[in-house]
Amino acid sequence: MKNQLLNILEKRMLGIHSGVPSFCSANKIVIEAIMDQAKRFDDTVLIEATSNQVNQFGGYMAMTSVDFRDYVYTIADRIGFDKSKIILGGDHLGPLPWCDQPAEVAMEHAKKLVYDCVLAGYTKVHLDTSMKLGDDPEDEMLENAVIAERGAILYESCEAAYQELLKTNPDAVHPVYIIGSEVPIPGGSQEEEDTLKVTSPRDFESTIIAYRKVFEKRGLSEAWNHIIGIVVQPGVEFGNADMHIYNRLDAVKLCNRLKKYPNIVFEGHSTDYQPPAKLREMVEDGIAIIKVGPALTNAVREAIFALSMIEAELIPDKRSRANFIDVLEKEMLANDKDWKKHYHGTELEQHIARKYSFSDRSRYYFSHAPVVKAQEKLFKNFEGVEIPLPLLHQYMPLQYTKVRDGKLRNDAHELVKDAVVCVVEDYNYAVKTNYMVTSML
């Protein structure tokens, strides 16, 4: 069967506006909201997990590739979403989780990771071998030839897995591949930056040349039939409290050079929090795969915080409340490994970052038992309760408008999901023709 992502290339070669959002999240509410919105338009959705989230050792989500697939499919079954319209992807697949180990060890782990993903039915694979490994020279840049050689090794492992998959599923879709990694590690920049260097046309083409040489040497020239994109830095990024907005003039040389290669597109990472008009410009300019992650979970966090504030108004007895905000803060303070390296400054600045940072390190804590329990209690406290419209207007103005107009149920769970939908709409606007966004109406 044909990989649906190839349609993007075909449409773009015909001059048709085309792209795809890549939703990188394992949050249950996020995935449900994405699928609900896709049902309204009969869309296919691309849902990805990073190598840090999901791998053969569990990752921070305590899931293997198969576990994540089944987790996503279970959500789809529960809400009645057609699983054939789900494209599963692996982001930053490579030795990243084991980069402190010697290359031989790290690459063996990486080979197993990509093999497992393809065997589990993932049909979009980002091969990322751009990071130094434990025994790479510390004082030298990693050469393109080394990056490409390691990428080719992982490509071979993927193709071996696909051949194995065909034995049990002759109709299995062949995976497509993304190469390159002109971006920080998953999750956004760790430091605030005044300037951001756009990938140069020369560096972009150097990646292609390096991979071509390695693929030819290893007898893998057919790989270019399945490589659909290259990750570049087009000038977008976000940190804890700031963001770099896309400026197509800064990226014009890079995007013009892409025209020499009609069979590939650019993949842009960390596009979170970009205005919808800028996302659309990115897709028009060839950055046709636009990734988003923390903005989705941050929307959930914002909406749950809003419900917590409404809860405080409606339930005078604090002992009866879920007190979600306090529980989350307590859990983050008790287990600081997932935010300590990312949030700096005074105690107050770190406190603000833990709660409100665009990087949304709080997403790592939403699967912790105390936080899960608090979220469940919060939703339970709103069962059978219709939130007064003035309170909804105060704390969730976008959702208030939809409730007022009869487009959204005044239900706590639906209100939180709709906060995610508002983000998804920005990406639909970017990749679709004649799509209107609520925030732009």
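Where a number appears in this text, it was derived from the coordinates with a stated rule and is not lab data. Predicted, not measured: the structure shown is a model, and the values here were computed from it. In this analysis, Cβ positions are derived from the backbone assuming ideal geometry, glycine residues included, and neighbour counts consider all displayed protein chains.
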Quiz item: So what J values fall out for region 352-358 if you push phi through Karplus, 6.51 cos²θ - 1.76 cosθ + 1.60 with θ = phi - 60°, rounded to Hz, Gly and Pro as x?
Solution: 5, 5, 4, 8, 10, 4, 4
Quiz prompt | 32 Å Cα-Cα threshold exceeded, pairs from 337/380; 83/337; 213/253; 197/402 | solution = 83/337; 197/402
Self-check item: Selected from 365, 246, 261 as most flexible by GNM, with the chain as the system and alpha-carbon contacts under 10 Å
Solution: 261
Exercise. Give me the angle, in degrees from 0 to 90, between the Cα long axis of helix 103-119 and the longest principal axis of the Cα atoms of the chain, rounded to the nearest 10.
Key: 70
Quiz item: Taking the chain as a Gaussian network, Cα atoms linked when under 10 Å apart, which of 266, 305, 57 shows the biggest mean-square fluctuation?
Solution: 57
Quiz prompt | Residues whose placed amide H lies under 5 Å from that of residue 272, excluding near-sequence neighbours | solution = 293
Practice problem: Please report how far the C-alpha centroid of region 297-328 lies from that of region 226-292, rounded to the nearest whole angstrom. | Solution: 36
Quiz item: Is region 6-292 best put as rounded, prolate or oblate by its Cα gyration tensor, with a ≥ b ≥ c the root eigenvalues, rounded for a/c under 1.5, and otherwise prolate when a/b is larger than b/c, oblate when not?
Solution: rounded
Practice problem: Treating the angle as unsigned and between 0 and 90°, give the value, to the nearest 10°, between the Cα long axis of helix 65-79 and the longest Cα principal axis of the chain. | Solution: 40
Quiz item: Can you list the residues, at least 5 places off or on another chain, whose amide H is less than 5 Å from the amide H of residue 129, using H built in the peptide plane?
Solution: 180
Self-check item: Placed amide H near residue 48: partners under 5 Å, 5+ positions off or other chain
Solution: 23, 24, 25, 89
Practice problem: Run through the DSSP bridge list for the chain and note the antiparallel percent, rounded to the nearest 5. | Solution: 5
Quiz item: Can you work out ³J(HN,Hα) from phi for every residue in region 9-21, in order, using Karplus 6.51 cos²θ - 1.76 cosθ + 1.60 and θ = phi - 60°, giving whole Hz and x for Gly and Pro?
Solution: 4, 4, 5, 5, 5, 8, x, 9, 4, 7, x, 8, x
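May I ask you to order 369-376, 95-102, 48-55, 421-428 by the average number of other C-beta atoms within 10 Å around their residues, highest value first?
By packing density, highest mean first, the sequence is 48-55, 421-428, 95-102, 369-376.
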Practice problem: Would you mind calculating the relative contact order of the chain from Cα pairs under 8 angstrom and at least 6 residues apart, reporting the percent as a whole number? | Solution: 16
Practice problem: Calculate for the chain the 222 nm mean residue ellipticity that helices alone would give, adding -39,500 (n - 2.57) per DSSP H run of length 4 or more and normalising by residue count, nearest 500 deg cm²/dmol. | Solution: -14500 deg cm²/dmol
Exercise. Would you mind telling me which residue in 415, 166, 249 has the biggest mean-square fluctuation in a Gaussian network model of the chain, where springs connect alpha carbons within a distance under 10 angstrom?
Key: 249
Quiz item: Tilt of helix 324-334 relative to the longest C-alpha principal axis of the chain, in degrees (0 to 90, nearest 10)?
Solution: 50
Quiz item: If you put +1 on each Lys and Arg Cβ and -1 on each Asp and Glu Cβ, how big is the dipole of the chain around its Cα centre, in Debye rounded to 20?
Solution: 1080
